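Shown next, in structure tokens, is the structure this report addresses.
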Amino acid sequence: MDRIQSMQIYARVVEMHSFTRAAESLSLPPSRVTRSVKELEAFLGVCLLRRTTRHISLTPDGTLYYDQCRRLLADIEAVESSFPGSAGKPRGRLRVDMTLSLARLVVLPRIKDFQARFPDVELTLTMADRTVELIQEGIDCVIRAGTPEDSPTLVAKRIGAFDWIVCASPEYLAEHGTPNTLEDLADHHAVGYLSSRTARSLEWHFVMDGEERCIRMPERLIVNDTDAYVECALGGLGLIRAGSYMVRHHLASGRLVHVLANCPAPAVPLSVLYPKNRHLSPTVRAFVDWVGGVVREAEGSWKVA
């Protein structure tokens, strides 16, 4: 049994959630992939995967072994990349998760540039606004807003930041007036945004005289999609508090109006998170460096007076 190849096959099965899809991606017969995992389990003396007719899942031993496989394979890739030749070039599958709004407005408009630079990388982008289990779900890295929590298994690299902007349509402001202070918000209503983490709508945070203030706005409508959230504001349904990169075009066109500019909110960091290995694979490193450059180039246009 070639243990390195068995590790590669096993890792691909975990990441693809399927023996068949793993076999296709590796250009191997499905029987070869199945036999390899069975031989690996027999060699280790443990069950790595729970199999049903519809899906597979990791056992506790399988999770531990997958984590170690990723580390060992990354170490091997890092060693090979230190020598001339093609071994160190970014290549193979890369799965990245980020919010829909960031993908649509920032990353996807520039994705051709990434493909041109790294033609041997097969990139899968998934869009979610939830906590993901990178190892269990086979995700190489995620982009998230907010201050990352300390983690013994993840590295967080800050790539930029954006501001919160309170805004509304001219029609809403003509009907309800323009708030000039935080106290004025009591006379207004907002469109709520439902957090996937807490299952509650988000509170609004501001910094006044060096102190943070938290306000829960009256809400008649709550949504859980950023595009729908902005669309509600465009339709005059209430005030919203959105990321500056999400509304800058609408502010420039006059379809939305920035209010409470004198009541700033804490800037929101954007970070890439990936599993903590001693060596970062060339493929993940290439994406982290590339997306960091894209965000830094865009940041200047996110500033709203």
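The values are calculated or read from the model by the stated rules, or taken from the named source; none is laboratory data. Just so it is clear, the structure is predicted and the values come from calculations on it, not from any experiment. Positions of Cβ are generated from backbone atoms using ideal geometry, with glycine treated the same way; all protein chains shown enter the neighbour counts. Remember, those area values only see protein heavy atoms, side chains included, never the ligands or the DNA or RNA. Shrake-Rupley method; radii C 1.70, N 1.55, O 1.52, S 1.80 Å.
Listed values, structure above:
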{"read-out": "Filtered residues of the range 285-305 (kept if modelled with pLDDT of 90 or more and either closer than 30 Å to L173 by Cβ or open to solvent by less than 40 Å² (accessible area, probe 1.4 Å) (or both))", "value": "A286, F287, V288, W290, V291, G292, G293, V294, V295, A298"}
{"read-out": "Residue count for the range 1-19, restricted to those that are in a helix (DSSP H, G or I) and either closer than 18 Å to E122 by Cα or open to solvent by less than 50 Å² (accessible area, probe 1.4 Å) (or both)", "value": "12"}
{"read-out": "Selection status of M127, surrounded by 14 or more Cβ atoms within 10 Å (Cβ to Cβ), within 14 Å of the chain's Cα centre (by Cα) and of a type outside the set (V, I, T)", "value": "yes"}
{"read-out": "Checklist (1) in a strand (DSSP E or B); (2) without any contact (Cβ under 8 Å) to a residue 40 or more places away in the chain; (3) not small (G, A, S) applied to M217, failing item", "value": "(1)"}
{"read-out": "Enumeration of residues in the range 184-204 that are among the hydroxyl-bearing types (S, T, Y) and either within 19 Å of the chain's Cα centre (by Cα) or open to solvent by 30 Å² or more (accessible area, probe 1.4 Å) (or both)", "value": "Y193, S195, S196, T198"}
{"read-out": "Residue pairs meeting the criteria (Cβ under 9 Å; at least 6 apart or on separate chains; first farther than 24 Å from K89 by Cβ and at pLDDT below 95, in the range 103-127; second of a type in the set (D, E, K, R) and not in a helix (DSSP H, G or I))", "value": "T126/R95; T126/D97; M127/D97"}
{"read-out": "Residues being part of a helix (DSSP H, G or I), open to solvent by less than 60 Å² (accessible area, probe 1.4 Å) and either within 13 Å of Y66 (Cα to Cα) or of a type in the set (K, R) (or both) - total across the range 33-48", "value": "3"}
{"read-out": "Residue tally, condition at pLDDT below 90 and either among the basic types (K, R) or over 14 Å from E15 (Cβ atoms) (or both), over the range 56-82", "value": "12"}
{"read-out": "Subset of the range 134-158 (residues that are within 23 Å of G62 (Cβ to Cβ), assigned to a loop (DSSP other than H, G, I, E, B) and in contact (Cβ under 8 Å) with a residue 60 or more places away in the chain)", "value": "G138, D140, S151, P152, T153"}
{"read-out": "Given (1) in contact (Cβ under 8 Å) with a residue 60 or more places away in the chain; (2) in contact with a strand residue (DSSP E or B) (Cβ under 7 Å, 6 or more places away or on another chain), number of the condition T63 does not satisfy", "value": "(2)"}
{"read-out": "Inter-residue pairs, beta-carbon under 7 Å, first closer than 18 Å to T226 by Cβ and in the range 182-209, second aromatic (F, W, Y) and surrounded by 11 or more Cβ atoms within 10 Å (Cβ to Cβ), 6+ apart", "value": "V191/Y229; Y193/Y229; S201/Y193; L202/Y193"}
{"read-out": "Given (1) touching a strand residue (DSSP E or B) at 6+ places or on another chain (Cβ under 7 Å); (2) part of a loop (DSSP other than H, G, I, E, B), index of the condition V272 fails", "value": "(2)"}
{"read-out": "Hey, E171 out of contact with any Phe, Trp or Tyr (no Cβ under 9 Å at 6 or more places or on another chain), open to solvent by 50 Å² or more (accessible area, probe 1.4 Å), without any contact (Cβ under 8 Å) to a residue 12 or more places away in the chain and among the acidic types (D, E) or not", "value": "no"}
{"read-out": "Within the range 222-267, considering residues that are open to solvent by 20 Å² or more (accessible area, probe 1.4 Å), of a type in the set (G, A, S) and in a loop (DSSP other than H, G, I, E, B), the one nearest to T181 (Cα to Cα)", "value": "A261"}
{"read-out": "Test: residue in the range 131-150 that is at pLDDT 90 or above, open to solvent by 10 Å² or more (accessible area, probe 1.4 Å) and either among the acidic types (D, E) or farther than 30 Å from M16 by Cβ (or both)", "value": "no"}
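Results for (1) farther than 19 Å from V268 by Cβ; (2) not charged (D, E, K, R), shown as yes or no for each residue.
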{"residue": "A186", "(1), (2)": "yes, yes"}
{"residue": "S196", "(1), (2)": "no, yes"}
{"residue": "W204", "(1), (2)": "no, yes"}
{"residue": "G210", "(1), (2)": "no, yes"}
{"residue": "E219", "(1), (2)": "yes, no"}
{"residue": "A233", "(1), (2)": "no, yes"}
{"residue": "G236", "(1), (2)": "yes, yes"}
{"residue": "R241", "(1), (2)": "no, no"}
